[in-house]
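See structure below.
The values are calculated or read from the model by the stated rules, or taken from the named source; none is laboratory data. Note that the structure is a prediction, hence the values are computed from the model and not measured. Cβ placement follows ideal geometry from the backbone for every residue including glycine, while neighbour counts extend to all protein chains displayed.
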Ligand code: AMP
């Protein structure tokens with residue numbers, strides 16, 4: 001069965017999609033934790049970072065993060081986060097990176 005994020009990619013569930021290429025797509029998080037909070041998702045579903053193959057679409061997440069951050073005007077900085085598994089609070093089992101920016105981000109995260 002398609003994941004929630006694949007349904008967003010297929011326009012079965014509405015979302016504010018801000019970027020798409022042959023490898024990944026990206027849309028604004030429905031519950032933003034910063035002025036800019038965008039999820040970057042590989043088209044090809046894998047459950048999470050723990051399932052990452054040696055090569056493939058998934059490797060393009062960081063390239064897209066850099067590009068989207070430039071487009072969003074995050075010249076002052078930003079953070080890219082991948083939550084893997086229950087201890088990190090992963091809630092959607094389709095690999096995704098959070099791009100967060102537009103405010104000062106505390107370190108370390110909670
Ligand atoms: P994670 O907890 O790392 O698995 O991140 C999942 C993220 O998906 C959360 O930040 C949610 O707010 C976000 N999310 C869940 N449903 C939607 C949706 N329909 N559209 C956009 N973002 C969503």
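Some observations on this one:
- Filtering the range 80-96 to residues that are assigned to a strand (DSSP E or B) and either modelled with pLDDT under 95 or near the ligand (Cβ under 9 Å from one of its atoms) (or both) leaves only 81.
- Of all residue pairs spaced 6 or more apart or on separate chains, those with beta-carbon atoms under 6 Å, a first member in the range 1-27 that is without any contact (Cβ under 8 Å) to a residue 60 or more places away in the chain and more than 10 Å from residue 41 (Cβ to Cβ) and a second member that is in a loop (DSSP other than H, G, I, E, B) and within 11 Å of the ligand (Cβ to nearest atom) are 7/13.
- All strands (runs of 3 or more DSSP E) inside the range 5-68 with 2 or more residues being buried (at least 20 other Cβ atoms within 10 Å of the Cβ) and either within 11 Å of the ligand (Cβ to nearest atom) or at pLDDT 95 or above (or both): 24-28, 36-42
- A count restricted to the range 72-84 and to residues that are surrounded by fewer than 13 Cβ atoms within 10 Å (Cβ to Cβ) and farther than 20 Å from residue 107 by Cα stands at 1.
- Flag if residue 105 is assigned to a helix (DSSP H, G or I) and at negative phi: no
- If the condition is being touching a strand residue (DSSP E or B) at 6+ places or on another chain (Cβ under 7 Å) and closer than 13 Å to residue 40 by Cα, then the range 68-95 contributes 68, 69, 79, 80, 81, 82, 94, 95.
- Scanning the range 28-44 for residues being closer than 16 Å to residue 93 by Cα, over 13 Å from the mean Cα position of the chain (by Cα) and touching a residue at least 40 places away in the same chain (Cβ under 8 Å) gives a total of 0.
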